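What follows is a set of notes on a single structure, which appears directly below.
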Amino acid sequence: MVWNQNTSQNRMVIIGSIIICGIIASILLSGNGVWMIAGYNMLSSEKKEKIDAEKLSKFCGMVMLFVTITMVISLIYLITGIFFLFAIVVICFVAIITAIVWGSIRYIISPLRTGK
């Protein structure tokens, strides 16, 4: 698959998305981006005390960094058309979904049930 229509505009949109995702990932990785995590701010204060917010923020930052890397690989695939890169992108998205489910259980659901 070769990307022929508005190539420069499409690439600029993807590059802009990569930059935005990279900035969000760096904020989350610093441990100060808990306010960006959906659902965390809606918890009551006693539930928030049970969750290690810094670890949750760093985990979400790692997932976001992985999303950013996957977007870079998909951009390279769209430019070159190498099918192997498409297979890597699909595997990365499956890994991202698995990481999100695992992280939700590890950092949110488990602490709320056990109180640790």
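Annotations for the structure displayed:
- Members of the stretch 89-105 that are open to solvent by 50 Å² or more (accessible area, probe 1.4 Å) and without any contact (Cβ under 8 Å) to a residue 24 or more places away in the chain: Val90, Ile91, Phe93, Val94, Ile97, Thr98, Val101, Trp102, Ile105
- Counting the residues of the stretch 65-87 that are farther than 13 Å from Ile18 by Cβ, open to solvent by less than 50 Å² (accessible area, probe 1.4 Å) and in a helix (DSSP H, G or I) gives 3.
- Counted residues, the stretch 46-64 - those being of a type outside the set (A, V, I, L, M), open to solvent by 80 Å² or more (accessible area, probe 1.4 Å) and within 20 Å of the chain's Cα centre (by Cα): 3
- Which listed residue, of Ile79, Ile69, is in contact with a helix residue (DSSP H, G or I) (Cβ under 8 Å, 6 or more places away or on another chain), at pLDDT below 85 and β-branched (Val, Ile, Thr): Ile79
The values are calculated or read from the model by the stated rules, or taken from the named source; none is laboratory data. Worth saying up front: this structure is predicted, and the values here are computed from it rather than measured. So basically every Cβ, Gly included, is an ideal-geometry build from the backbone, and we count neighbours across all protein chains shown. Each accessible area value is taken on the protein alone, full model and side chains, heavy atoms only, with ligands, DNA and RNA left out. Shrake-Rupley method; radii C 1.70, N 1.55, O 1.52, S 1.80 Å.
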